[in-house]
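To start, the structure under review is shown below, and the notes come after it.
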Amino acid sequence: MSSQPITTTNDTPVKQSDGSKPSHTAAPSTASPPSAPHATIAPGGERYFNRELSWLAFNERVLAEACNERYPLLERLRFLSISGSNLDEFMMIRVAGLVGQVQRGIDRPAIDGRTPSQQLSAIREKLAELSALQQDIWSDVHIALAHADIHIADEQRVNPAAHSWLEAFFLEEILPVITPQALDPAHPFPFVHNEGMGLLFTLTRDADQEQIIEMILIPTALPRFVRVPDNHTGSAEGVGEAMYISIASLIQRYAHRLFPGFTIEGDGLFRVLRDSDIEIEEEAEDLVRTFRSAIQRRRRGQVIQLELEEDFDPIAEAVLLKQIGVHEAAVIKTDGMIGIDGLSEIASEDRPDLKFDAYSPRYPERVREHDGDLFSAIREKDIVIHHPYESFEVVVDFIRQAAVDPDVVAIKQTLYRAGSQSAVINALIEAAEAGISVTAVVELKARFDEEQNLKWATKLERAGVQVIYGFTDWKTHAKVAMVVRREDDGFRTYCHFGTGNYHPVTAKIYTDMSFFTADPRLGRDAAKMMNFVTGYVEPHGLELIAIAPLDLREEVYRRIDVEIANAQSGKPAAIWMKCNQITDGGIIDRLYAASNAGVTVELVVRGICCLRPGVAGLSENIRVKSIIGRFLEHSRIYAFANGHAMPSPDAAVFISSADLMGRNLDRRVESLIPIINRTVHDQILQQVLLANMLDTQQSWWLQPDGTYSRVEEEGKSFNCHRYFMTNPSLSGRGGALEAGGVPKLSLRKGRGG
């Protein structure tokens, strides 16, 4: 490039007037900035919070939403079930990893100095608190559901009409698919798969009074709950009341029909969680075959947690504990619900009065103005789409239109999570069958989606798509799609860059950004990034994009250093970041140094945050908030004042697929995309990011001691989710909406640099 980089007093390159990278060829500076001094901080004096305990604090905030009386009852139940599935995954991955380290004698401390065994001790103490809290909340919600005519049946509440239907259902639908197994020397203890639930019965044979223990494993094909038909609930005229009973309770209730000639002395329900992480050897010769084998091994991983009913029969419990192997496992006994995650089935009850008002995403007006022609709309001007407020269909249409366009010659796309019913996959298949050159990078290491991704890869290959699996030891987490089109003035590349996955279900509940552009510089960079993944061709001469694990970390460091230099020279200096997690020590130390230099740092971090904010001499200029609400905040946006008071049209703004974690920066292929188009820049910075910072109704402040407290609402409250739902299109809006405008957001004085 011909122009020279603009420099600050410490010669740190900053963004050029056109937003491109500095023109020098030397590697970005990674020299450490002035370090933040060790301040007196409580408790313990640590500079960082523990990652695992921070995650548990996040799930505690999710659980708190189940008590939020602003929410409809079934939405509160949904938050309770989400807290259950979150904790399950935490046990299967994070706790399992720590258990493995302890077993192998690994004492490598975490960022806060705790060893694996110390972390496990603290985690189990907190897990006991959270499990008890879940059951207390379930007890309250259970009562509230009954008052709303949604009943979960127990021994006290099954009327004759429901009893007759349930018994018939058990005999016809349940009995044929369950298999009792005696536990004795002739019948070894069966294997219980991950997330498996089972019942143990202690029986006495009537004929000879011999005691027998029987196990019934509940098949995964069965639902967790059965809903009694309305005309069998016994309510007035057979309507207005819903009644559910768990499959486990149903089996316990009618077990005498399963064990004729026996007296049931006692029973108990249990649930098993196993180590579910997948480890792949770097020298694996066949990645597909290796993953198929690893998925099978995951189902048989080490037991990490065993849940038991409080009144579990003691004789059967002794057998279970001995046989299942719980040496390193957490054993949780409860008199409440086992498998809180299963409550999601009840949360789906058709009661609109007990749910959030229905919401239909808007289709971008900018695209409508071009009669639905996405390529025409993108060619005119860059577009940003804000999901879920604007429809994910526009992303699907981008590939669909390419698939049937005779001028399209090639499509290249990364696929991290695509879901079980993916319109994007089908569009890629259609394009390949139409003779278009289609390349799909399918990430096999997408946790818990490995099996689905293998299925998609097979289907894509059969259709003629060139399927690439990327790197063995790095996940390809960047979200990018390229369409190369033949036009009158030559070939033009249209790109989609996303902060979220090409997943039609999560796109309805995750807040993410979709950025469409025909900027030739971004097109060239995207092509180099794809070649890096498909052919290991390390990109040289990138013009705009930064890529992990190559230079994304260094670019973020460089931007923070610019703010430090600006603050030291008396210029406005501020950093605004929105992401899901911050755990990387290098990034945190850089932000501490920025705070020490007088840079105002505002962080919106939904989940884990290892950074300790608000500590004099360390982080007094840093604030951290977390937003938990109707939608899951998922977009990654990074903004730097760049010498101007925030929010400024001259700020440097980026969207990214990467959180600020070591794994994202060093062990994944990620992208950091500068937003140069003035309209899109303002929409992301002065609407999306600013609205998140101004939210009061769904926000929590992270305190210096690691606790979170709800933001105290002073004056008029503000809900960023409602703001985006109730206003005209903020991103991708067209001339038809300009006259109506969008309510202008403004930052309170005294913050933002």
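The values are calculated or read from the model by the stated rules, or taken from the named source; none is laboratory data. Just so we're clear, the structure is a prediction, and the values are computed from it rather than from any experiment. So basically every Cβ, Gly included, is an ideal-geometry build from the backbone, and we count neighbours across all protein chains shown.
From the list K508, K479, which residue is of a type in the set (K, R), more than 15 Å from S671 (Cα to Cα) and either in the same structural domain as R417 (by TED's automatic domain parsing) or at pLDDT 90 or above (or both)? Break it down into steps so the answer makes sense when it comes.
On the way: K479 fails: more than 15 Å from S671 (Cα to Cα).
Of K508, K479, the one residue that is of a type in the set (K, R), more than 15 Å from S671 (Cα to Cα) and either in the same structural domain as R417 (by TED's automatic domain parsing) or at pLDDT 90 or above (or both) is K508.
Quick one: which residue in L222, L183 is assigned by TED's automatic domain parsing to the domain that holds A347, more than 24 Å from N86 (Cα to Cα), surrounded by 14 or more Cβ atoms within 10 Å (Cβ to Cβ) and aliphatic (A, V, I, L, M)?
Sole residue among the options that is assigned by TED's automatic domain parsing to the domain that holds A347, more than 24 Å from N86 (Cα to Cα), surrounded by 14 or more Cβ atoms within 10 Å (Cβ to Cβ) and aliphatic (A, V, I, L, M): L183.
Look at E173 and say whether it is exposed (fewer than 14 other Cβ atoms within 10 Å of the Cβ) and either modelled with pLDDT of 90 or more or more than 29 Å from R274 (Cα to Cα) (or both). Reasoning before the result, please.
Working: exposed (fewer than 14 other Cβ atoms within 10 Å of the Cβ): yes; either modelled with pLDDT of 90 or more or more than 29 Å from R274 (Cα to Cα) (or both): yes.
So E173 passes the test.
Taking the conditions exactly as written (in contact with a Ser or Thr (Cβ under 7 Å, 6 or more places away or on another chain) and touching a residue at least 60 places away in the same chain (Cβ under 8 Å)), does C609 satisfy them or not? Don't jump to the end; show me each part of the working.
Working: in contact with a Ser or Thr (Cβ under 7 Å, 6 or more places away or on another chain): yes; touching a residue at least 60 places away in the same chain (Cβ under 8 Å): yes.
It is true that C609 is in contact with a Ser or Thr (Cβ under 7 Å, 6 or more places away or on another chain) and touching a residue at least 60 places away in the same chain (Cβ under 8 Å).
In the list G105, G113, G84, which residue meets the criterion of being buried (at least 16 other Cβ atoms within 10 Å of the Cβ) and not assigned by TED's automatic domain parsing to the domain that holds P229? Let's see the steps before the verdict.
Values: G105 fails: buried (at least 16 other Cβ atoms within 10 Å of the Cβ); G113 fails: buried (at least 16 other Cβ atoms within 10 Å of the Cβ).
Every option except G84 fails the conditions.
State all residues of the range 380-395 that are more than 21 Å from T679 (Cβ to Cβ) and surrounded by fewer than 19 Cβ atoms within 10 Å (Cβ to Cβ); if no residue qualifies, say none. Write out each step before concluding.
So in the range 380-395, the residues more than 21 Å from T679 (Cβ to Cβ) come out as 388, 392-393.
Within the range 380-395, just E393 meets the criteria.
So, D140, is that one surrounded by 12 or more Cβ atoms within 10 Å (Cβ to Cβ) and in contact with a Gly (Cβ under 9 Å, 6 or more places away or on another chain) or not?
On the way: surrounded by 12 or more Cβ atoms within 10 Å (Cβ to Cβ): yes; in contact with a Gly (Cβ under 9 Å, 6 or more places away or on another chain): no.
So D140 fails the test.
Only one of these is of a type in the set (G, A, S), touching a residue at least 24 places away in the same chain (Cβ under 8 Å) and either within 18 Å of I545 (Cβ to Cβ) or assigned to a helix (DSSP H, G or I) (or both): G470, G464. Name it.
Values: G464 fails: either within 18 Å of I545 (Cβ to Cβ) or assigned to a helix (DSSP H, G or I) (or both).
Exactly one of G470, G464 is of a type in the set (G, A, S), touching a residue at least 24 places away in the same chain (Cβ under 8 Å) and either within 18 Å of I545 (Cβ to Cβ) or assigned to a helix (DSSP H, G or I) (or both), namely G470.
Can you work out which of the residues in the range 355-376 that are in contact with a strand residue (DSSP E or B) (Cβ under 9 Å, 6 or more places away or on another chain) and within 30 Å of Y71 (Cβ to Cβ) is surrounded by the most Cβ atoms within 10 Å (Cβ to Cβ)? Full working, then the answer.
So in the range 355-376, the residues in contact with a strand residue (DSSP E or B) (Cβ under 9 Å, 6 or more places away or on another chain) come out as 361-364, 366-367, 374-375.
Remaining after also requiring within 30 Å of Y71 (Cβ to Cβ): 361-364.
Numbers: P361: 18, R362: 19, Y363: 17, P364: 26.
Here the residue is P364.
Among the residues of the range 460-478, which ones are over 24 Å from G435 (Cα atoms) and buried (at least 22 other Cβ atoms within 10 Å of the Cβ)? If you could, list the steps in order and put the result at the bottom.
Going residue by residue through the range 460-478, those that are over 24 Å from G435 (Cα atoms) are 471-478.
Those that are over 24 Å from G435 (Cα atoms) and buried (at least 22 other Cβ atoms within 10 Å of the Cβ): T476, H477, A478.
Among the residues of the range 281-323 satisfying the criterion of being closer than 19 Å to M91 by Cα and in a loop (DSSP other than H, G, I, E, B), which is modelled with the highest pLDDT?
Q302
Being surrounded by fewer than 19 Cβ atoms within 10 Å (Cβ to Cβ), of a type outside the set (A, V, I, L, M, F, W, C), at pLDDT below 95 and in contact with a helix residue (DSSP H, G or I) (Cβ under 8 Å, 6 or more places away or on another chain): is that true of G734 here? Full working, then the answer.
On the way: surrounded by fewer than 19 Cβ atoms within 10 Å (Cβ to Cβ): yes; of a type outside the set (A, V, I, L, M, F, W, C): yes; at pLDDT below 95: yes; in contact with a helix residue (DSSP H, G or I) (Cβ under 8 Å, 6 or more places away or on another chain): yes.
Considered against the rule, which asks whether it is surrounded by fewer than 19 Cβ atoms within 10 Å (Cβ to Cβ), of a type outside the set (A, V, I, L, M, F, W, C), at pLDDT below 95 and in contact with a helix residue (DSSP H, G or I) (Cβ under 8 Å, 6 or more places away or on another chain), G734 comes out as yes.
Could you run through the range 590-633 and say how many residues are touching an Asp or Glu at 6+ places or on another chain (Cβ under 8 Å) and part of a helix (DSSP H, G or I)?
3
Identify, please: which residue in the range 491-526 is of a type in the set (A, V, I, L, M, F, W, C) and surrounded by fewer than 18 Cβ atoms within 10 Å (Cβ to Cβ) and is, among those, farthest from V442 (Cα to Cα)?
First, the residues of the range 491-526 that are of a type in the set (A, V, I, L, M, F, W, C): 491, 495, 497, 505, 507, 509, 513, 515-516, 518, 522, 526.
If we keep only those that are surrounded by fewer than 18 Cβ atoms within 10 Å (Cβ to Cβ) too, we end up with 491, 505, 509.
Values: F491: 26, V505: 18, I509: 23 Å.
This residue is F491.
Is it the case that I385 is at pLDDT 90 or above and farther than 30 Å from A132 by Cα?
Numbers: at pLDDT 90 or above: yes; farther than 30 Å from A132 by Cα: yes.
Considered against the rule, which asks whether it is at pLDDT 90 or above and farther than 30 Å from A132 by Cα, I385 comes out as yes.
Is there a residue being surrounded by fewer than 24 Cβ atoms within 10 Å (Cβ to Cβ), closer than 16 Å to F497 by Cβ and hydrophobic (A, V, I, L, M, F, W, C) anywhere in the range 658-669?
There is no residue in the range 658-669 that is surrounded by fewer than 24 Cβ atoms within 10 Å (Cβ to Cβ), closer than 16 Å to F497 by Cβ and hydrophobic (A, V, I, L, M, F, W, C).
Part of a loop (DSSP other than H, G, I, E, B), under 27 Å from Y389 (Cβ atoms) and either at pLDDT 95 or above or in contact with a Lys or Arg (Cβ under 6 Å, 6 or more places away or on another chain) (or both): is that true of L522 in this structure?
Working: part of a loop (DSSP other than H, G, I, E, B): no; under 27 Å from Y389 (Cβ atoms): yes; either at pLDDT 95 or above or in contact with a Lys or Arg (Cβ under 6 Å, 6 or more places away or on another chain) (or both): yes.
Taking the combined requirement at face value, the residue does not satisfy it.
Is it the case that A546 is closer than 28 Å to S391 by Cβ and small (G, A, S)? Show your work before the answer.
Details: closer than 28 Å to S391 by Cβ: no; small (G, A, S): yes.
No.
When only residues in the range 409-426 that are buried (at least 23 other Cβ atoms within 10 Å of the Cβ) and of a type in the set (A, V, I, L, M, F, W, C) count, which is nearest to R667 (Cα to Cα)? Walk me through how you get there before you give the answer.
If we filter the range 409-426 for residues that are buried (at least 23 other Cβ atoms within 10 Å of the Cβ), which is where we start, we get 411-416, 418, 424-425.
Subsequent filtering for residues that are of a type in the set (A, V, I, L, M, F, W, C) retains 411, 415, 418, 424-425.
Details: I411: 26, L415: 17, A418: 21, V424: 26, I425: 26 Å.
Result: L415.
So which of I575, I587, I637 is β-branched (V, I, T), within 28 Å of the chain's Cα centre (by Cα) and assigned to a helix (DSSP H, G or I)? Spell out the reasoning first.
Values: I575 fails: assigned to a helix (DSSP H, G or I); I637 fails: assigned to a helix (DSSP H, G or I).
Of I575, I587, I637, the one residue that is β-branched (V, I, T), within 28 Å of the chain's Cα centre (by Cα) and assigned to a helix (DSSP H, G or I) is I587.
To keep it simple, each residue is scored yes or no on (1) within 30 Å of M725 (Cβ to Cβ); (2) aromatic (F, W, Y).
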site	(1), (2)
V562	no, no
W576	yes, yes
R590	no, no
T600	yes, no
G607	yes, no
G614	no, no
Y638	yes, yes
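Of everything in the range 665-676, what is touching a Phe, Trp or Tyr at 6+ places or on another chain (Cβ under 9 Å), closer than 17 Å to N642 by Cα and part of a loop (DSSP other than H, G, I, E, B)? Give them in sequence order.
I675
Right, A168: surrounded by 18 or more Cβ atoms within 10 Å (Cβ to Cβ) and either out of contact with any helix residue (DSSP H, G or I) (no Cβ under 8 Å at 6 or more places or on another chain) or at pLDDT below 95 (or both) or not?
On the way: surrounded by 18 or more Cβ atoms within 10 Å (Cβ to Cβ): no; either out of contact with any helix residue (DSSP H, G or I) (no Cβ under 8 Å at 6 or more places or on another chain) or at pLDDT below 95 (or both): yes.
For A168, the condition - surrounded by 18 or more Cβ atoms within 10 Å (Cβ to Cβ) and either out of contact with any helix residue (DSSP H, G or I) (no Cβ under 8 Å at 6 or more places or on another chain) or at pLDDT below 95 (or both) - is not met.
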